[in-house]
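The structure under discussion appears below in the form of structure tokens.
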């Protein structure tokens with residue numbers, strides 16, 4: 001903890017501080033104690049970041065998305081959504097009259113149900129809670145998530161009762177991938193162990209224009225952190241870990257942070273060309289204007 005000594009004379013220049021990692025200089029005109037405390041906190045935060053390996057924080061950006069103009073989606077010019085990207089919706093569920101351990105539901109009016117879907121152990125969808133009913137129904141226009149589900153992905157579908165602070169498991173099922181008859185608006189009936197059931201639906205998500213790239217700005221390079229798998233940058237060959245050194249032959253070092261952001265966002269309106277450093281060599285990745293389907 002920083003310990004500050006308030007100067008007794010206006011000519012005193014330095015304030016001794018007990019922590020060697022928090023150094024604050026006192027000028028001839030003394031700062032107010034609150035300002036000194038804030039400066040001390042900033043210095044201490046910087047030293048802690050350095051000691052934990054976080055010596056720098058880089059601006060992180062994600063390229064913008066634009067709505068598809070009327071008629072473009074029907075023109076056939078845009079790449080359709082791949083079959084592993086789903087707009088997953090929950091429609092309805094049916095719960096047994098008693099809990100899993102044969103008790104009455106805590107709420108006399110009925111359980112408060114919601115649905116959670118996990119992909120390979122990670123949560124990708126959580127519905128709203130529908131209260132006080134054994135037969136909840138959801139609005140697919142509100143209760144959906146755009147998600148990536150490949151055929152070999154392990155899905156865990158849970159129906160839960162919300163008790164406020166905690167929730168109780170009503171039933172679950174584990175399946176692989178999304179069945180073909182549930183795609184393109186088909187109904188997916190899932191029987192859960194415990195006597196409950198859930199009805200889901202999958203539709204292709206609507207297209208958006210954009211590259212689908214998340215990156216850090218680092219003075220003379222953009223470090224790619226994520227690339228949407230269902231997007232034009234990924235289709236053009238850009239991958240996480242690539243280092244973009246120029247956009248349309250303009251070096252990142254001359255574009256600066258704002259110029260780089262503007263240049264990268266241009267991919268939502270036109271084809272752009274990225275000079276990329278990868279594994280010690282340089283290549284050009286051409287990213288055409290096309291549909292992107294951001295998903296989790």
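The values are calculated or read from the model by the stated rules, or taken from the named source; none is laboratory data. Remember, predicted model here, so these are calculated numbers, not experimental data. All Cβ positions, glycine included, derive from the backbone under ideal geometry; neighbour counts span all protein chains shown.
Report the residue count in the stretch 268-288 for those that are closer than 29 Å to residue 84 by Cβ and either touching a helix residue (DSSP H, G or I) at 6+ places or on another chain (Cβ under 7 Å) or surrounded by fewer than 19 Cβ atoms within 10 Å (Cβ to Cβ) (or both). Steps first, answer last, please.
First, pick out the residues of the stretch 268-288 that are closer than 29 Å to residue 84 by Cβ: 268-274, 276, 278-279, 283-288.
This time we only want the ones that are either touching a helix residue (DSSP H, G or I) at 6+ places or on another chain (Cβ under 7 Å) or surrounded by fewer than 19 Cβ atoms within 10 Å (Cβ to Cβ) (or both), so: 269-273, 278-279, 283-288.
Number of matching residues: 13.
Need a quick list: strands (runs of 3 or more DSSP E) entirely within the stretch 109-151 having at least 3 residues that are over 17 Å from the mean Cα position of the chain (by Cα). Give the steps one after another, and end with the answer.
Working: elements: 113-119, 122-126, 144-148.
By residue number, 113-119.
Residue count for the stretch 228-243, restricted to those that are part of a strand (DSSP E or B) and surrounded by 22 or more Cβ atoms within 10 Å (Cβ to Cβ): 0. Within the stretch 70-108, the set of residues being more than 24 Å from the chain's Cα centre (by Cα), at pLDDT 90 or above and over 20 Å from residue 136 (Cβ atoms) comprises just one member, 78.
Selection within the stretch 167-191: residues that are crowded, with 20+ Cβ neighbours inside 10 Å and at pLDDT 90 or above. The member of this set that is farthest from residue 287 (Cα to Cα) is 170.
Looking across 253, 295, 277, 260, one residue alone is under 17 Å from residue 209 (Cβ atoms) and in contact (Cβ under 8 Å) with a residue 24 or more places away in the chain. It is 295.
If I filter the stretch 153-166 down to residues being at pLDDT 95 or above and surrounded by fewer than 19 Cβ atoms within 10 Å (Cβ to Cβ), which single residue comes out as nearest to residue 228 (Cα to Cα)? The selected residue is 153. Across the stretch 170-202, the number of residues qualifying as out of contact with any strand residue (DSSP E or B) (no Cβ under 6 Å at 6 or more places or on another chain) and closer than 15 Å to residue 113 by Cβ comes to 1. Listed conditions (1) outside any helix (DSSP H, G or I); (2) closer than 20 Å to residue 84 by Cβ are all met by residue 181, apart from (1).
All of 95, 88 fail the test of being within 17 Å of residue 205 (Cα to Cα), buried (at least 18 other Cβ atoms within 10 Å of the Cβ) and in contact (Cβ under 8 Å) with a residue 40 or more places away in the chain, apart from 88. Might you check whether a residue that is surrounded by 14 or more Cβ atoms within 10 Å (Cβ to Cβ), free of Cβ contacts under 8 Å to residues at least 60 places away in the same chain, in the same structural domain as residue 136 (by TED's automatic domain parsing) and farther than 29 Å from residue 237 by Cβ occurs anywhere in the stretch 198-209? No. Beta carbons closer than 6 Å, at least 6 apart along the sequence or on distinct chains, pair a first residue in the stretch 135-155 that is more than 18 Å from residue 113 (Cα to Cα) with a second that is surrounded by fewer than 12 Cβ atoms within 10 Å (Cβ to Cβ) for 147/296.
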